[in-house]
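Structure first, commentary second.
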Amino acid sequence: MSNQKLNGEVLLNIGFVDIATWEADGDFIAYQLDGGDSDAKQVVLDEPNALYAFVCGGDVLYVGKTARSIGKRFVGYCRPGKTQQTNLRCHRNIKAALAEGAEIRILVFTPISHLRYADFEINLAAGLEDSLIKAFNPPWNGRERGQPITEEAEREEAEEAGTERLDALHGAGMQQKAMATTPALATFLVTLGPTYYEKGLLNPGVEASHYLGKDGDPIRIFFGDGSDPVISTINRTANRTGAVRIVGKNPQIAQWFQRHFKQGDTVQGRAINAHTILLLAP
């Protein structure tokens with residue numbers, strides 16, 4: 001990468017996705033999903049442990065990470081609290097750029113696969129954030145002795161206690177309760193053979209696949225017992241029929257299977273929409 005100009009194109013080449021733009025919203029700001037396939041992009045906004053960048057004319061102005069979801073994190077940018085210094089700084093910068101007619105694009109990186117070292121999982125987003133900030137030197141990131149620093153270093157979580165309370169009111173639990181009463185486009189059954197049970201493999205079947213998204217799209221998996229949902233990826237190349245296979249976060253799916261079922265049991269699932277599946281608890 002040393003011979004490559006460090007701009008937004010570099011981020012796209014390593015897996016970031018351009019999903020939205022910032023807009024003025026009265027005295028505040030708001031983000032607007034655009035470019036088609038807004039349902040899939042909305043799923044990306046729900047993924048925790050994600051990286052994001054604000055880009056203007058190819059220039060990377062800001063790089064951040066959230067342990068929560070992008071959607072929840074951006075609440076603080078849209079309407080920052082009086083003590084939220086990072087939020088206030090980004091809010092001011094975005095508003096000033098918009099007032100001058102600039103377009104601020106939002107790029108997001110959501111690592112579906114997790115790296116491991118021995119028995120320990122490596123947070124790819126956290127490690128990548130440090131490297132990107134060092135390489136790009138984004139002007140909107142905070143500074144310490146003249147060097148850009150991460151949001152974690154600015155104690156972002158401590159600043160956002162109020163936002164966390166807001167998150168609790170609109171969290172995954174409420175979404176999953178709504179899923180239980182939402183009419184399904186299709187239902188399917190999964191028999192938990194050894195591979196399914198131990199590795200979390202999930203094939204919704206040919207019929208349900210007709211209603212699900214395209215290859216490479218993100219997909220939410222909700223659980224009927226209210227466990228935290230996971231966001232995975234639709235794969236249509238693994239099965240010769242083109243039927244969907246869920247690839248990514250499979251160990252978390254396996255753990256859920258093992259908490260509620262025995263090997264050989266049958267799990268009922270529902271395809272709620274093109275990017276949402278619900279697995280029912282026994």
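Derived scalar couplings between HN and Hα for region 51-64 equal 9, 8, 9, 9, 10, 10, x, x, 7, 7, 8, 7, 10, x Hz in order, rounded to whole Hz, by the Karplus curve 6.51 cos²θ - 1.76 cosθ + 1.60 (θ = phi - 60°), x for Gly and Pro.
Need one value: the accessible area of THR187 in square angstrom, 1.4 angstrom probe, rounded to the nearest 10. Approximately 80 Å² for this residue.
Are any of the pairs LYS199/LYS249; LYS41/LYS95; LYS41/LYS214 more than 18 Å apart by Cα-Cα distance, and if so, which?
Details: LYS199/LYS249 10 Å; LYS41/LYS95 23 Å; LYS41/LYS214 13 Å.
In this structure, LYS41/LYS95 lie more than 18 Å apart at Cα.
The values are calculated or read from the model by the stated rules, or taken from the named source; none is laboratory data. What you are looking at is a predicted structure, and each value in this text was computed from that prediction instead of being measured. Ligands, DNA and RNA are excluded from the accessible area calculation, which covers all protein heavy atoms including side chains. Shrake-Rupley method; radii C 1.70, N 1.55, O 1.52, S 1.80 Å.
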